[in-house]
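First comes the structure, then the notes that go with it.
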Amino acid sequence: MTAPVLGLLSPLLDDVTLDAPWALIERFSTLKREHPDDVRTAAGEIVRRLEAFGVPVTVHEPEIYLSLPGQASVQGGSERFRAKPLAMSRAVPKGLTAPLVFAPTAFDPNTDQVITSPVGGDADVDLRGKLVLAHGFGMSSMALHFEQRGALGLIAVHPGKNPHWGICSTVWGSPDLRDLPRKPNFVVVSVNHADGLALIEQANQGATATVFAELEEGWYPSPIPVVTIPGTEEPDKYVLLHGHYDSWDVGVGDNAVGDATMLEIARVLWKHRSQLKRSVRIAWWPGHSTGRYAGSTWFADHYGIDLYENCIAQVNCDSPGCRWATEYIDVSWMSEAEDWARAVIKTIAGKEARGERPYQAGDYSFNNIGLSSYFMLLSTMPPGLRAEKGYYVVGGCGGNIAWHTEEDTMEIADRGILLTDIRIYLAAVAGAANATIAPFDFRKTADEFGATLEKYQAAAGSAFSFEPARQALAALRSALDRFAVECASLQAGSPGDPRVRRANATQRRLARLLVPVNFTSGPAFFHDPAETIPALPDLAPALTLPAARPEAVGFIRTHLMRGQNRLVAALRDALHLVGETTS
Ligand SMILES: [Zn+2]
């Protein structure tokens, strides 16, 4: 199926050039895109270029909640250390003085989640009323961990020569009433590695330090440019391609390159719009860096029902086309999109891609609606090269550690890699919009669920049975086999064929049922926190059963019972849906 779909796209793919993208990257390399005034200027640059190509663009003007970091430093003894305040940190412009303490807690560099280990934690260290020093990026879970332990503030010791900017809140987008209690009331700044070690030395000698951090926060009007290229046969159904245009400093690799990618795709798709069967919507978000995805979250809220009813899939575009990023490993995709994403990368780049479950990050603001999703970061540098350069893991820029620093400048972008990545994104989006049946295979999702259940059952042992979920899953898996046969028989049809429409409606509905149970714990249309969310999250507490205290077992089983009901209901709804489609 993939080859014919992509074959028809050849004229579009051949039309991609670097002229417009590179000009936008060069412009953005001279424009900081943090403060709302500069972000507005950047939106104007995108809109002006789209209009020059004759592409109609709608600019939404929401007010979103942002935290804008200013200056920061740490005074330790007679020394003043350079620091960066993390967005959503508490502001202490006049300084906050407290005893220093080093917490030897280990954090996962990908997620800032605590790595639990029997030794080396901070359980025995009294952090209350202190300024904590710890190794890690200080974002989301890490900041929350220390705030909950009663610390007054966190000085995150970063691994390189430059501290990185970031955001320390787990609140996803502009906070609602459910989120407000989780909004940090806590100071978080970052320092580089050498300064961090010097401060840890001071902490070991019982020193006191003063943290200064300037930030302002509030509701800021922020433009969201959106382009819709209408499909010729089923225009109300669309694929959403999106990425952020605000950045830390001038942010070339994160994410001027992505903005340029989407600009070129808008130009090419508009020019060839007669070839497009369903619509493609392209959105550039503000508020990613300073509002924890507040732009995409606003869109998910305000177009929630339209997305729920009509969106075929969401495709995120962050940090493509960066220097040395020649490999397609650790690519984000949901299981149903794996075959499609791999086939596109293989066809365009000639590379075997390796994927992973999408992190709760990167403008994936649509999980609570239930959208099939693929791509976040795309190309990355090979692990061998990373090791050779002594680089550590960062969350963008193709693995370049200039990520989220003042060094993310023009040399981070790579023309050849960008050209390939633009074509991958174009094929991945237009191909999904044009495929007779949306190119997603939910048998893969069911198989992923099966493997997850097996892992959780092994941990739970006889303390809890996932048999009801296994039975419901087995029934759905068989029905999905019949559905796959039906879809194959419809491939030669047209998008307007009622049986094709019905099969596609089933594809979308399967995502609405199966994505939320696998990626969220909170209710539909709200937003789960920016923390690691395990597979089938409401069943994941099974993993804690082996080490649980006897008095906790009842609580865990109660949670698992409710979580299993939620899952079984979704699986049975999916079974009925597929049964109706194939009868
Ligand atoms: Zn980014």
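Annotations
- Listed by position, the strands (runs of 3 or more DSSP E) inside segment 45-107 whose residues that are buried (at least 21 other Cβ atoms within 10 Å of the Cβ), among the small types (Gly, Ala, Ser) and touching a residue at least 24 places away in the same chain (Cβ under 8 Å) number at least 3 are 63-76.
- Just one of (1) open to solvent by less than 10 Å² (accessible area, probe 1.4 Å); (2) part of a loop (DSSP other than H, G, I, E, B); (3) touching a Leu at 6+ places or on another chain (Cβ under 8 Å); (4) not charged (D, E, K, R) fails for residue 353. It is (3).
- Among residues of segment 205-226 that are under 15 Å from residue 89 (Cα atoms), those with a beta-carbon under 8 Å from a residue that is part of a strand (DSSP E or B) and of a type in the set (Phe, Trp, Tyr) at least six positions away or on a different chain give the pairs 217/65; 218/65.
- Selection from segment 133-149 of residues that are open to solvent by less than 10 Å² (accessible area, probe 1.4 Å) and aromatic (Phe, Trp, Tyr): 146
- Pick from segment 215-260, criterion β-branched (Val, Ile, Thr) and in contact with a Leu (Cβ under 7 Å, 6 or more places away or on another chain), ranking: most open to solvent (accessible area, probe 1.4 Å): 232
- Some residue of segment 125-132 being of a type outside the set (Val, Ile, Thr), at positive phi and surrounded by fewer than 24 Cβ atoms within 10 Å (Cβ to Cβ): yes
- Of the residues making up segment 11-44, those that are touching a Phe, Trp or Tyr at 6+ places or on another chain (Cβ under 7 Å) and either over 24 Å from residue 215 (Cα atoms) or open to solvent by 10 Å² or more (accessible area, probe 1.4 Å) (or both) are 34, 36.
- Boolean, residue 434 is more than 16 Å from the ligand (Cβ to nearest atom), under 28 Å from residue 235 (Cα atoms) and in contact with a Pro (Cβ under 8 Å, 6 or more places away or on another chain): no
- Members of segment 551-576 that are in contact with a Leu (Cβ under 9 Å, 6 or more places away or on another chain) and polar (S, T, N, Q): 564
- Across segment 181-201, not a single residue is classified as within 16 Å of the ligand (Cβ to nearest atom) and either crowded, with 23+ Cβ neighbours inside 10 Å or under 21 Å from the mean Cα position of the chain (by Cα) (or both).
- If the condition is being within 16 Å of the ligand (Cβ to nearest atom) and either open to solvent by less than 10 Å² (accessible area, probe 1.4 Å) or aromatic (Phe, Trp, Tyr) (or both), then segment 319-343 contributes 319, 320, 321, 322, 325, 331, 332.
- Check on residue 279, in contact (Cβ under 8 Å) with a residue 12 or more places away in the chain, on the phi < 0 side of the Ramachandran plot and within 15 Å of the ligand (Cβ to nearest atom): no
- Among the residues making up segment 373-403, those that are assigned to a loop (DSSP other than H, G, I, E, B), within 15 Å of the ligand (Cβ to nearest atom) and small (Gly, Ala, Ser) are 379, 395, 396, 402.
- Any chance residue 448 is open to solvent by 10 Å² or more (accessible area, probe 1.4 Å), over 30 Å from residue 370 (Cβ atoms) and modelled with pLDDT of 95 or more: no
- Within the span defined as segment 263-272, every residue fails to be buried (at least 24 other Cβ atoms within 10 Å of the Cβ), of a type in the set (Asp, Glu) and within 16 Å of the ligand (Cβ to nearest atom).
The values are calculated or read from the model by the stated rules, or taken from the named source; none is laboratory data. Being a predicted model, the structure only gives us computed values, none of them experimental. Here Cβ is always computed from backbone atoms with ideal geometry, including for glycine, and neighbour counts include all displayed protein chains. We work out accessible area using only protein heavy atoms, side chains counted, and drop any ligands, DNA or RNA first. Shrake-Rupley method; radii C 1.70, N 1.55, O 1.52, S 1.80 Å.
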